[in-house]
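Worksheet for the structure shown next.
Quick note: the coordinates plus some simple rules give every number you see, no bench work behind them. Nothing here was measured: the structure is a model prediction, and the numbers come from that model. Neighbour counts are summed over all protein chains in view; Cβ atoms, including those assigned to glycine, are modelled from backbone coordinates with ideal geometry.
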Amino acid sequence: MSDKLWRAVEERINDHSYMAGISRTIDRVKATGEIFTPSELVIDILKNTPLEMFAPGKLILDPACGDGQFLVGAKWVKIIFHAQSENDALHDIYGVDIMRDNVDLCKLRLGGGFVVMGDALNPSRILSDQLDFEHKFMLQHFGVTEELTLF
């Protein structure tokens, strides 16, 4: 597609400085395994994903969304390439992260969408600072719905 349109997506991603807004100490990175995706890599991933994957009604889920770097790019692909309104694009965007500050920053960067605090690898785990509705969402959409018996 047009380089001009891809530049517009990249400009929207770069409206927020890479990894800005949250203090990420070495101890925090070691404890959480936080690795953030540079804008150039997000653009490369988006360009190499068929555009129909971002069509209206196609859900985008980032199970380790961090500050929303990929989701912001996906939102703008939906808006710029598929002529969706911002509100319609946000209806298709979901993010999950284990850190409250990342969830809050992701929501701020997106301007909406459905972003919750949770552990996508262990949905039943209750996290410190996790809201009750977020835990219920994780169980409903990612968790085991019945108790398992181990033999």
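The Rg/Rh ratio for the range 3-142 is 0.97, where Rg is the radius of gyration of the alpha carbons and Rh is the Kirkwood radius.
The H on the amide N of Glu34, modeled in the peptide plane, is under 5 Å from the matching H of no residue at least 5 residues off or on a different chain. Highest mean packing comes first when the peptides 122-135, 100-113 are listed by Cβ atoms within 10 Å, giving 100-113, 122-135.
Using Cα pairs closer than 8 Å and at least 6 residues apart in sequence, work out the relative contact order for the chain, in percent. Spell out each step's value before the answer.
Details: 200 pairs, mean separation 28.1, N = 151.
Reported relative contact order: 19 percent.
Taking amide hydrogens as placed 1.01 Å from N in the peptide plane, the amide H of Cys65 sits under 5 Å from those of Val96, Asp97, each at least 5 positions away in sequence or on another chain. In this structure, the amide hydrogen of Ile93, modeled 1.01 Å from its nitrogen in the peptide plane, lies closer than 5 angstrom to those of Ile60, Phe114, counting only residues at least 5 positions away or on a different chain.
Counting only lysines at least 8 places from Lys75 when in the same chain, those with an alpha carbon closer than 29 Å to its own are Lys4, Lys47, Lys58, Lys107, Lys136. Between Trp6, Ile98, Gly143, the Cα set farthest toward the positive side of the dipole of the chain (charges on each charged residue's Cβ, about the Cα centre) is that of Trp6.
Could you work out the equivalent-ellipsoid semi-axes for the range 38-87, taking the square root of 5 times each eigenvalue of the Cα gyration tensor, largest first, in whole Å? Intermediate results must be reported in sequence, preceding the final value.
Numbers: eigenvalues 56, 31, 21 Å².
Calculated on Cα positions only, the semi-axes equal 17, 13, 10 Å.
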